[in-house]
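The next block holds one structure in the form of structure tokens; read it before the comments.
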Amino acid sequence: MAATLAATIAASLPAQPAATTSSVKPTYEAIPASMSKIIDVMAEIPVTSVQIDAMVVSKIIKHGREASFGTGSLLGLDFDGTMEISNCFPLPAFPEEEDKAAKSAAQ
């Protein structure tokens, strides 16, 4: 009964055409004129201010307290001359002993 039900459902679905990878090309749409002054594709508008979310500030402070030195990446968008930082990712800091052990193991 289960095989019959599955076969019935499969038969009722429309056939999926098989797409070849060589014939699929990405399509690009032109930016609408209403958005062309907001979206700066060619980076023509200089960054005049930076806006940082409160979560980003708290993550930076937390990482600074936990690590002997702070390194990481900031994630954000350049929106009409304002750099909006929306997230950050700390990079782990390894103690010198672990770093020396990793270097000797690699050799």
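The values are calculated or read from the model by the stated rules, or taken from the named source; none is laboratory data. The structure displayed is predicted, hence computed values, not measured ones. Heads up, the Cβs are rebuilt from the backbone with ideal geometry, glycines too, and the neighbour counts pull from every protein chain shown. Only protein heavy atoms, including side chains, enter the accessible area calculation; ligands, DNA and RNA are left aside. Shrake-Rupley method; radii C 1.70, N 1.55, O 1.52, S 1.80 Å.
Observations on the model:
- Residues whose amide H falls under 5 Å from that of GLY76, counting only those 5 or more places apart or on a different chain, are SER86, with hydrogens built in the peptide plane.
- Probe 1.4 Å - accessible area at ILE60, Å² to nearest ten: 80 Å²
- Rolling a 1.4 Å probe across all protein chains gives LEU91 an accessible area of roughly 80 Å².
- Two-site FRET efficiency, THR27 against ASP53, from Cβ-Cβ distance with R₀ of 41 Å, rounded to 0.05: 0.80
- Length added when fully stretched, SER68-SER34, from 0.36 nm per residue minus Cα-Cα: 7.4 nm
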